[in-house]
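First up is the structure itself, then whatever we jot down about it.
The values are calculated or read from the model by the stated rules, or taken from the named source; none is laboratory data. Worth saying up front: this structure is predicted, and the values here are computed from it rather than measured. No Cβ is skipped: glycine too gets one built from the backbone with ideal geometry, and neighbour counts run over all protein chains shown.
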Amino acid sequence: MKLACIDVGLKRIGIAICLDNKIILPQNAILRKNRNQAARDIKLFLNEWEIEKLIVGLPLHGSSSEEMGRRVKHFVSLLELDNIEIVYQDEQNSSLEAKERTAGVFKHSKDGRIDSMAASIILERYLKK
């Protein structure tokens, strides 16, 4: 089954894919100009890769988790995915873990690599369940 994972942020959306249930590959993040453009770009990406299941990082703990959870679910509703199963996965500390894993590997800039690494971690957690 072809899987993709997104880590939805206010400025960038990290993406990772897994085509064989083993190897997880971070992809170029989507830079978010507005939610409609971002939803269009994500939907196009999912269709190009023929993704069958979308794992979505959802904040379940923390002071702003309720508000961000609402925003994430609203964004997912904009995708209008009919043929792709959607599963929510706890994303707690995935961005922090991504920064720790990549310390010294590449410069931590705002290009979306950390966001896509966070999506990889979320997908990894999903596959371990």
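Which of the residues spanning region 37-72 are of a type outside the set (A, V, I, L, M), modelled with pLDDT of 95 or more and over 14 Å from residue 7 (Cβ atoms)?
37, 40, 41, 43, 47, 48, 49, 50, 52, 53
Can you confirm whether residue 56 is β-branched (Val, Ile, Thr) and either in contact with a Leu (Cβ under 8 Å, 6 or more places away or on another chain) or assigned to a helix (DSSP H, G or I) (or both)?
Here the answer is no, as residue 56 does not meet what is asked.
Can you tell me which residues in region 73-93 are at pLDDT 90 or above and closer than 19 Å to residue 127 by Cα?
Listed by number, the residues that qualify are 84, 85, 86, 87, 88, 89, 90, 91.
Just to check your reading of the model, which residue among 78, 58 is in contact with a Gly (Cβ under 6 Å, 6 or more places away or on another chain), more than 15 Å from residue 17 (Cβ to Cβ) and surrounded by 12 or more Cβ atoms within 10 Å (Cβ to Cβ)?
That would be 58, the only listed residue that is in contact with a Gly (Cβ under 6 Å, 6 or more places away or on another chain), more than 15 Å from residue 17 (Cβ to Cβ) and surrounded by 12 or more Cβ atoms within 10 Å (Cβ to Cβ).
Of everything in region 85-97 that's crowded, with 16+ Cβ neighbours inside 10 Å and without any contact (Cβ under 8 Å) to a residue 60 or more places away in the chain, which residue is nearest to residue 115 (Cα to Cα)?
97
Provide a single number: the residues in region 16-53 that are closer than 14 Å to residue 124 by Cβ and either part of a strand (DSSP E or B) or small (Gly, Ala, Ser) (or both).
Of the residues in that region, 6 qualify.
Among (1) among the aromatic types (Phe, Trp, Tyr); (2) part of a helix (DSSP H, G or I); (3) within 20 Å of residue 129 (Cβ to Cβ), there is one condition residue 75 misses while meeting the rest; what is its number?
(3) is the only condition that residue 75 fails.
Across region 100-126, what is the total count of residues that are at pLDDT 85 or above and surrounded by fewer than 13 Cβ atoms within 10 Å (Cβ to Cβ)?
Looking only at that region, the number is 1.
Any chance you could count how many residues in region 14-37 are surrounded by 22 or more Cβ atoms within 10 Å (Cβ to Cβ) and out of contact with any Leu (no Cβ under 8 Å at 6 or more places or on another chain)?
Residues that pass the stated criteria total 5.
I need every pair where a residue in region 70-84 that is touching a residue at least 24 places away in the same chain (Cβ under 8 Å) has its Cβ under 8 Å from the Cβ of a residue that is buried (at least 16 other Cβ atoms within 10 Å of the Cβ) and in a loop (DSSP other than H, G, I, E, B), sequence separation at least 6 or different chains.
Here the result reads 72/59; 84/51, each pair linking region 70-84 to a residue that is buried (at least 16 other Cβ atoms within 10 Å of the Cβ) and in a loop (DSSP other than H, G, I, E, B).
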